[in-house]
Amino acid sequence: MNPRAITRIGTGDCARLLRGGHRVLLTTHTNPDGDAIGSSTALYHALRGEGIEARIILTDSPPENLAFLNDGSSIETYDPAGHDAWIASADLLVGLDFNDSARVRRMEPIFRDAAGRKVIIDHHQSPKRFADVYCSIPEASSTAEIVYDILNGDDIALPSAVALGLYVGIMTDTGSFRFDRTTPRVHRIAARLIEAGVDPTAVYRLIHDDYPLRRTRLLGMILAGIEHFCDGRVSLLTVTKDMFDATATTIEDVENIVNYGLAIRGVEATALLTATDGQVKISFRSRGRITVNDIAGRFGGGGHRLAAGATVEGRDWDELKTAVAAALCAALDDG
């Protein structure tokens, strides 16, 4: 769809729209990350605090290292028999941290067909037209930063559950405050959230320093198989079904491993290819010389300038690896 045909709204208009809702669905993309879960739970607790009936219904359960954001009842895993009637009756359907309806996979038909107004809150580039309005701010560090502005975070008291979700979203999507969109304002927001009761040391440990042994064994196998291309400027990491089986791991255990490929001296861009359920998920990262969002687009995906991804079906594994490496090398040669 033509992005110019998309109806965009600011955070103030989005706040008014949300506060006018009565029955509000909150959902996010498949394989949800910290920004997806954090922004969803923050908005959930804010809306519930104002007496609005809100529910978080996700295609996938939160990964193990983000389960602490679920109070036991706030996050539900989608079941058509148990959820479709409620979703169809919602007057607002809010999608957070995605801009393509295909990202909700099994929920896509009911999300698109429901009569309620559809609102997208997101910071990715090139949204597809499937919702009624978009609070889309690509220059934001995270969807959680946008939710903070929707809630007018600088000027209101932030309940601890709201502050925690916002902090997790911002911290994870900025790579623990080291990615290029870590602005002075992002640090000021983080300080505001810490003042509201967030313990940054505890949050970091829960997300990044509390992995099960199986994940460490998988990491060792991945790192042992790193491949290099075009004079060491590109690295490729791969995860196969056999590796998952040998370590009793799942795709959840692969989160953030792509960054190891970029931590090698001389590497300008990296990709992680993960084979699962007849598909290959590709995660791209760049130090800045090339824009990996463009490369992800060639494989049917998208994302940000320095971090992007795609999901590919029906391609030979070795051929796909060669194509990914070639695309990264060509972009570096042209850059």
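Side notes on the structure shown:
- Hits in region 302-315 - residues which are open to solvent by 60 Å² or more (accessible area, probe 1.4 Å) and not in a loop (DSSP other than H, G, I, E, B): Glu313
- Taking region 48-69 as the range and being crowded, with 22+ Cβ neighbours inside 10 Å and either in contact with a Lys or Arg (Cβ under 8 Å, 6 or more places away or on another chain) or charged (D, E, K, R) (or both) as the test, only Ala54 passes.
- Within region 242-258, restricting attention to residues that are assigned to a loop (DSSP other than H, G, I, E, B) and within 15 Å of the chain's Cα centre (by Cα), the residue that is surrounded by the most Cβ atoms within 10 Å (Cβ to Cβ) is Glu255.
- Filtered by the rule that a residue be under 17 Å from Ala326 (Cβ atoms) and among the acidic types (Asp, Glu), region 213-261 gives Glu227, Asp231.
- Residues located in region 105-144, provided they are more than 19 Å from Gly21 (Cβ to Cβ) and aliphatic (A, V, I, L, M): Ile137, Ala140, Ala144
- Among the residues of region 177-208, the ones that are in a loop (DSSP other than H, G, I, E, B), open to solvent by 80 Å² or more (accessible area, probe 1.4 Å) and either at pLDDT below 95 or of a type in the set (S, T, N, Q) (or both) come to 2 in all.
Okay, residues lined up against (1) in contact (Cβ under 8 Å) with a residue 60 or more places away in the chain; (2) assigned to a helix (DSSP H, G or I); (3) buried (at least 17 other Cβ atoms within 10 Å of the Cβ); (4) among the hydrophobic types (A, V, I, L, M, F, W, C):
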{"site": "Asp210", "(1), (2), (3), (4)": "yes, no, no, no"}
{"site": "Arg265", "(1), (2), (3), (4)": "no, no, no, no"}
{"site": "Ala271", "(1), (2), (3), (4)": "no, no, yes, yes"}
{"site": "Ile282", "(1), (2), (3), (4)": "no, no, yes, yes"}
{"site": "Ile295", "(1), (2), (3), (4)": "no, yes, yes, yes"}
{"site": "Gly300", "(1), (2), (3), (4)": "no, no, no, no"}
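- Number of residues in region 14-39 that are under 14 Å from Asp149 (Cα atoms) and either free of Cβ contacts under 8 Å to residues at least 12 places away in the same chain or of a type in the set (Ser, Thr, Tyr) (or both) equals 2.
- Among the conditions (1) open to solvent by 60 Å² or more (accessible area, probe 1.4 Å); (2) more than 17 Å from Val239 (Cα to Cα), the only one that Asp318 does not satisfy is (2).
The values are calculated or read from the model by the stated rules, or taken from the named source; none is laboratory data. Owing to the predicted nature of the structure, the values given are computational and were not obtained by experimental measurement. Glycine also receives a Cβ, built like all others from the backbone with ideal geometry; neighbour counts cover every protein chain displayed. Side chains are part of the model used for accessible areas, which takes the heavy atoms of the whole protein and leaves out ligands, DNA and RNA. Shrake-Rupley method; radii C 1.70, N 1.55, O 1.52, S 1.80 Å.
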